Amino acid sequence: MMLCASVLTPASSLADEASGTWTGQLELRGNYYWEQSTRVISPSLDFGMVSPGGVSVHGDYLVDSITSASQAAGVLEDIRFTEIRHAGTIGVGYEFDLGEMQLRLDGSAHVSREPDYLSLGGGIAAALSLNQRATVIRASAYYLHDQIRQRFRVGGGIRPDPEGGMSSDIFAENFNGVALSLGWEQVLTPSLYFQLTYQYGYLNGFLSNAYRRVAVADVLRPENHPGLRHRHTLTGHIAYHLRASRTSFHLLARAYADNWDIRALTPEIRVSQEIGTWLNVRLRWRHYTQTRAFFYSDAYETDLAEDANVTADPKMSQFHSNLIGIRTMVEFEFLEDTVLSLFERASLDLQFEYIFNTNRFGNGVIAQAGLVVPF
């Protein structure tokens with residue numbers, strides 16, 4: 001489970017204080033991911049509302065149908081196995097007017113549930129706006145507690161022995177995590193924007209996969225990751241809008257390092273083009289490269305101590321990938337003064353991305369469709 005800080009944003013439209021009405025938006029989205037060992041289908045629902053008094057409420061709910069090669073089926077060989085995950089977030093926020101400054105505070109709570117996994121989290125975020133909102137300083141803190149179990153078709157919840165078969169010990173592990181972030185956003189000119197964010201992540205507890213096995217001296221044993229992980233991430237973003245052609249250019253970069261000796265770099269380029277008054281097309285390219293964890297190996301030829309750190313997880317290996325994608329967004333302004341004018345402020349976006357990957361996961365496909373309806 002990936003740990004990340006959650007920052008809520010208010011709905012795109014502001015509430016009407018005079019009439020006392022709430023405003024906001026509803027977002028319906030379908031997500032699809034495929035690579036040779038995993039397929040994920042994930043519909044989701046997001047909403048954001050702002051009260052006449054300026055209080056914002058945000059929530060989301062999604063269902064993941066995850067089909068992958070997994071020993072959770074109760075056999076030693078990987079076979080296809082499908083699990084369902086339910087996840088939801090709820091949050092509330094408010095902006096305080098401090099004269100020449102504005103301070104926004106948000107709080108959120110999150111829960112994610114699978115048959116063998118429960119994740120609980122919560123966090124706070126603050127944003128201080130200065131210089132007529134040209135400068136924004138952001139900070140956030142997020143706490144996560146995960147409970148990991150095992151689910152087998154041949155007697156759910158029992159621990160697999162390294163030599164095969166099952167023991168009578170119930171598998172019950174946990175881990176806790178904290179993510180702290182600090183960011184700076186700056187509008188340099190009416191057409192130029194800059195953002196820089198640092199995040200520190202602390203993970204402590206069971207950080208392995210409860211089902212993954214690794215060959216050690218020709219014997220399969222459960223993988224064993226270190227129980228402590230310090231993660232450092234630095235992200236930068238520069239955006240420039242060319243008014244003459246209505247083209248936006250985005251340069252992004254991400255640098256990552258942790259105490260498992262993984263070092264990663266992720267440069268990215270995005271180009272968005274407005275076509276007419278209701279169509280936007282975005283092209284995207286992203287490169288990712290990382291070093292391997294100090295304890296990774298496809299297979300360990302010599303015997304190791306039972307408590308040795310071992311893994312054959314492809315995500316821990318040295319690899320690189322390239323992602324290319326296209327996204328189109330249609331705004332329904334052309335429905336104004338028609339029988340469907342109720343949707344004139346809505347938008348529909350379609351996205352397709354392909355990943356060229358050098359690790360054992362192989363290449364992958366990401367597809368997404370979303371409908372946003374303001375109210």
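No lab work stands behind these numbers, since they all come straight from the coordinates. In this text, all values refer to a predicted model and were calculated from it rather than measured experimentally. Don't worry about glycine lacking a Cβ; one is built from the backbone with ideal geometry, like all the others, and counts go over all protein chains shown.
At an R0 of 35 angstrom, the distance between the Cβ atoms of residue 359 and residue 274 translates into a FRET efficiency of 0.40.
Dipole check for the chain: with +1 at the C-beta of Lys and Arg, -1 at the C-beta of Asp and Glu, and the Cα centre as origin, the magnitude is about 580 Debye.
Evaluated with a Cβ-only charge set (Lys, Arg +1; Asp, Glu -1), the stretch 213-326 carries a dipole of roughly 1060 debye about its Cα centre, given to the nearest 20.
Which one of 337, 298, 349 has the biggest mean-square fluctuation once the chain is modelled by GNM with Cα springs under 10 Å? Among 337, 298, 349, the largest mean-square fluctuation in the Gaussian network model of the chain belongs to 337.
Applying 1/(1 + (r/R0)^6) with R0 = 56 Å to the Cβ-Cβ distance of residue 94 and residue 305 gives a FRET efficiency near 0.55. In this structure, residue 341 and residue 141 have a Cβ-Cβ separation that, at R0 = 35 Å, corresponds to a calculated FRET efficiency of about 0.20. With K and R counted +1 and D and E -1, the other residues having a Cβ less than 12 Å from that of residue 177 yield a net charge of +1.
Within the shell defined by Cβ-Cβ distances under 10 Å, the residues around residue 325 carry a net charge of +4, with Lys and Arg each +1 and Asp and Glu each -1.
Structure remark: mean-square fluctuation, Gaussian network model of the chain, C-alpha springs under 10 Å; the largest value among 299, 139, 87 belongs to 299. Neighbour counts of other Cβ atoms within 10 Å put 106, 313 in the fewest-to-most order 313, 106. Remark: the Cα gyration tensor places the stretch 23-374 in the prolate category, a/c being 1.5 or greater and a/b exceeding b/c. Top mean-square fluctuation among 270, 85, 345, Gaussian network model of the chain, C-alpha springs under 10 Å? For the chain, modelled as a Gaussian network with Cα springs under 10 Å, the answer is 345. Maximal additional length on extending the residue 84-residue 369 stretch stands at 100.6 nm, based on 0.36 nm per residue less the C-alpha distance.
Between residue 109 and residue 176, the modelled labels are 1.9 nm apart [label points 7 Å from Cα along Cα→Cβ]. The distance separating the Cα centre of the stretch 32-65 from that of the stretch 219-293 comes to 21 Å.
In the chain, excluding the sites themselves, the longest stretch lacking any of the GluC sites (Glu not before Pro) that are in a DSSP loop with at most 13 other Cβ atoms within 10 Å is 164-300. Its Cα centre serving as origin, the stretch 169-268 has a Cβ charge dipole (Lys and Arg +1, Asp and Glu -1) of approximately 360 debye. For the chain, averaging the sequence separation of C-alpha pairs within contact (under 8 Å, six or more residues apart) and dividing by the residue count gives a relative contact order of 12 percent.
Placing dummy labels 7 Å off each Cα toward the beta-carbon, the span from residue 22 to residue 258 is 3.8 nm. As a rough footprinting exposure proxy, the listed residues 225, 110 were ranked by other beta carbons within 10 Å of their own, and the order from fewest upward is 110, 225.
Counting only other residues whose beta carbon sits under 12 Å from that of residue 366, what net charge do I get with K and R as +1, D and E as -1? So the surrounding residues net to +2.
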